[in-house]
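Report on one structure; see the data block that follows.
The values are calculated or read from the model by the stated rules, or taken from the named source; none is laboratory data. Given the structure is predicted, the values throughout are model-derived calculations rather than measurements. Cβ atoms come from the backbone with ideal geometry, glycine included; neighbour counts cover every protein chain shown. Accessible surface areas use protein heavy atoms only, side chains included; no ligands, DNA or RNA. Shrake-Rupley method; radii C 1.70, N 1.55, O 1.52, S 1.80 Å.
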Amino acid sequence: HLLGAPAGQNWPHWKLPYAVKELEEAGFTILEQAESRPPVRFYDVGAIAYYLKAVSWQINDFSVEGYLARLEEVQQEIERAGFVEVHSHYFFIAAQKL
């Protein structure tokens with residue numbers, strides 16, 4: 001969202017309810033589940049570019065050149081506020097198969 005890329009490009013269905021359903025259908029008993037959307041702060045656009053190269057599934061076509069205009073805008077936001085904040089999405093499932 002920060003760079004204007006479409007969200008959920010690769011696995012739009014991969015959410016907690018879907019994963020729980022898949023495990024239950026495979027014969028697992030769900031012992032615990034939790035979901036979180038913690039904030040992540042970036043203090044420079046270099047860190048954003050590095051992150052997106054490391055987790056390439058976030059934006060399929062990411063390149064600095066391709067997103068340069070928006071990265072420049074984000075850098076201006078960082079210079080004004082000191083950082084930009086985004087929210088990650090994580091979930092946790094503990095399951096057991098007897």
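Just so you know, in segment 40-62 the residues that are assigned to a loop (DSSP other than H, G, I, E, B) and under 12 Å from GLU85 (Cα atoms) include one that is least open to solvent (accessible area, probe 1.4 Å), and it is ASP44. When you look at GLU24, is it under 16 Å from GLY4 (Cα atoms), surrounded by 12 or more Cβ atoms within 10 Å (Cβ to Cβ), acidic (Asp, Glu) and at pLDDT 95 or above, yes or no? For GLU24, the condition - under 16 Å from GLY4 (Cα atoms), surrounded by 12 or more Cβ atoms within 10 Å (Cβ to Cβ), acidic (Asp, Glu) and at pLDDT 95 or above - is not met.
Here segment 1-20 is the region considered, the condition is being surrounded by fewer than 12 Cβ atoms within 10 Å (Cβ to Cβ) and free of Cβ contacts under 8 Å to residues at least 12 places away in the same chain, and the residue that is farthest from VAL86 (Cα to Cα) is PRO17.
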